Amino acid sequence: MAVLEDDEEGIRSLFADWKRASQAKDVDRLLTFITDDAVFLAPGQPPIRGKAAVEALYRHILGAFIFEQEWVFEEIAVLGDWGYCWGWDSVTMTPLAGGPAVRASGAGLSILRRLADGSWVVARGINNMVRDTQPAAPRGVPDRDLLRFAGTIDAESARAMEEAIEEGCERIDPETW
């Protein structure tokens with residue numbers, strides 16, 4: 001399926017505009033990027049049907065989070081006034097009230113419709129995003145709590161650790177801090 005350069009540019013532009021509107025928290029603008037009967041499917045969630053449902057979702061999300069979304073397209077195809085694109089989708093939602101960011105990523109597919117003016121809108125969307133899991137950040141131990149370990153490491157083990165550190169780690173220059 002050949003994709004005209006203008007069609008591909010128009011579809012990529014749609015998603016770039018979507019990203020800008022999300023960052024600006026412009027829900028009214030976001031609604032111009034979907035059909036009135038749009039349906040979005042997300043794992044474990046009921047279908048999100050129509051502009052009113054999409055509006056409610058985005059007003060909630062953008063009112064509570066800094067919302068960042070990225071797309072990497074694998075394929076864009078056009079069949080007359082319909083098209084689709086699929087690729088990789090990722091979202092980071094950082095709570096405005098504080099707390100850790102929530103990240104999700106996965107594959108996504110959008111079915112698009114060309115409007116009379118030649119622009120593209122999303123009619124259907126589906127993704128298989130799951131929350132990214134990251135190991136907990138290492139936590140330090142206050143120096144006073146380390147005293148209980150004094151004398152518990154034998155001299156040979158301490159020398160082996162010191163050698164490993166010297167061979168595989170850079171020394172920190174306190175003058176650069």
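The values are calculated or read from the model by the stated rules, or taken from the named source; none is laboratory data. Computed from a predicted structure; not experimentally measured. Reconstructed Cβ throughout: ideal geometry from the backbone, glycine too, with neighbour counts over all protein chains shown.
For segment 47-106, which positions are of a type in the set (Lys, Arg) and more than 23 Å from Gly118 (Cα to Cα)?
Quick first cut of segment 47-106, residues of a type in the set (Lys, Arg) only: 49, 51, 59, 103.
Within segment 47-106, Arg49, Arg59, Arg103 meet the criteria.
Residues in segment 15-48 that are exposed (fewer than 13 other Cβ atoms within 10 Å of the Cβ) and of a type outside the set (Gly, Ala, Ser): Arg20, Asp28, Asp36, Asp37, Pro43, Gln45, Pro46, Pro47.
Just to be sure, is Lys51 surrounded by 15 or more Cβ atoms within 10 Å (Cβ to Cβ), on the phi > 0 side of the Ramachandran plot, of a type in the set (D, E, K, R) and touching a Leu at 6+ places or on another chain (Cβ under 7 Å)?
Working: surrounded by 15 or more Cβ atoms within 10 Å (Cβ to Cβ): yes; on the phi > 0 side of the Ramachandran plot: no; of a type in the set (D, E, K, R): yes; touching a Leu at 6+ places or on another chain (Cβ under 7 Å): yes.
Against the criterion (surrounded by 15 or more Cβ atoms within 10 Å (Cβ to Cβ), on the phi > 0 side of the Ramachandran plot, of a type in the set (D, E, K, R) and touching a Leu at 6+ places or on another chain (Cβ under 7 Å)), Lys51 does not qualify.
Within segment 56-82, the set of residues being more than 17 Å from the chain's Cα centre (by Cα), of a type in the set (A, V, I, L, M) and over 15 Å from Val122 (Cα atoms) comprises just one member, Ala56. Taken over segment 1-16, residues that are closer than 17 Å to Leu79 by Cβ and in a helix (DSSP H, G or I) amount to 7.
Looking only at residues of segment 119-140 that are exposed (fewer than 10 other Cβ atoms within 10 Å of the Cβ) and among the aliphatic types (A, V, I, L, M), we find that the one that is modelled with the highest pLDDT is Ala137.
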